[in-house]
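Step one of this worksheet: look at the structure below.
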Amino acid sequence: MAHRHSSQVSLPTIPRTWRDVPLGPQGFRRLLNLWPPYLAAGVRITQILSGFAGATVTLRVRAWNANYFGTAFGGTLFAMSDPFWVLLLINRLGPDYSVLDAKAEIEFLAMGRGDLRTTFEVSQDLVDQLRAEADTGQKVLHWLTNEVVDRQGTVVARIRKQIYVKHRPAGAGGPVGVRARVTYAGRHVWE
């Protein structure tokens, strides 16, 4: 009598979002540096601090990524800042909190030439404040500011982001606790 051996192949689970990929600060930095929009624009993440307490992002303005006037594109200056407040706070606050962008403003103050840099710092006091406010069950809207500076320290642009934070109870749906209903031409198409 022949024995049949059944072999079960276990396939790896594919993460639903980047948040589900277990990366520390340095792995996350390397991943972001390979992200095509940043590669093409010349944006480089040079540092993400331990515990996601801060980040440093740089841009070298060169002929291939400069605008008509030889300065940094305004959109690239904004892109240097776009995801970082949310990414740092998601990792600092933990999985029980939703963190999203609500509003953004950029003020152009000087021509961006040469090497540009911006830094982000998420203090424990800020984390504690946002948790305390969100733990009341209400949504929290909080403004954060970072500046893009050149080598001489001249402020090239000031970016303000209003972030949305909400405590989500255990078992809340969605990767970041957001529920959405999409309608098109008055018809429900997705939830």
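The values are calculated or read from the model by the stated rules, or taken from the named source; none is laboratory data. The shown structure was predicted, so the numbers you read here are calculated from the model rather than taken from an experiment. These accessible areas exclude ligands, DNA and RNA; they are computed on the full protein's heavy atoms, side chains included. Shrake-Rupley method; radii C 1.70, N 1.55, O 1.52, S 1.80 Å.
Using θ = phi - 60° and the Karplus form 6.51 cos²θ - 1.76 cosθ + 1.60, what ³J(HN,Hα) does each residue of region 117-127 get, whole Hz, x for Gly and Pro?
Values per residue, Gly and Pro as x: 8, 9, 10, 10, 10, 10, 6, 5, 4, 5, 4 Hz.
Could you put 161, 139 in order of accessible surface area, largest first, with the 1.4 Å probe and the full protein assembly present? Write down the numbers at each step before the final one.
Numbers: 161 0, 139 125 Å².
Sorted by accessible area, descending: 139, 161.
Accessible area, 1.4 Å probe, largest first: how do 111, 80 sort?
Numbers: 111 115, 80 0 Å².
The residues order as 111, 80, largest area first.
Roughly what % of Cα-Cα distances in region 27-131 sit above 19 Å, to the whole percent?
Numbers: 2587 of 5460 pairs.
Beyond 19 Å sits 47 percent of the P(r) for region 27-131.
What fraction, in whole percent, of alpha-carbon pairs in region 116-156 exceed 16 Å separation? Write out the running numbers ahead of the final one.
Working: 428 of 820 pairs.
Taking all Cα-Cα pairs of region 116-156, the fraction more than 16 Å apart is 52 percent.
Roughly how many whole Å is it from the C-alpha centroid of region 88-122 to that of region 39-72?
Distance between centres, Cα-based: 13 Å.
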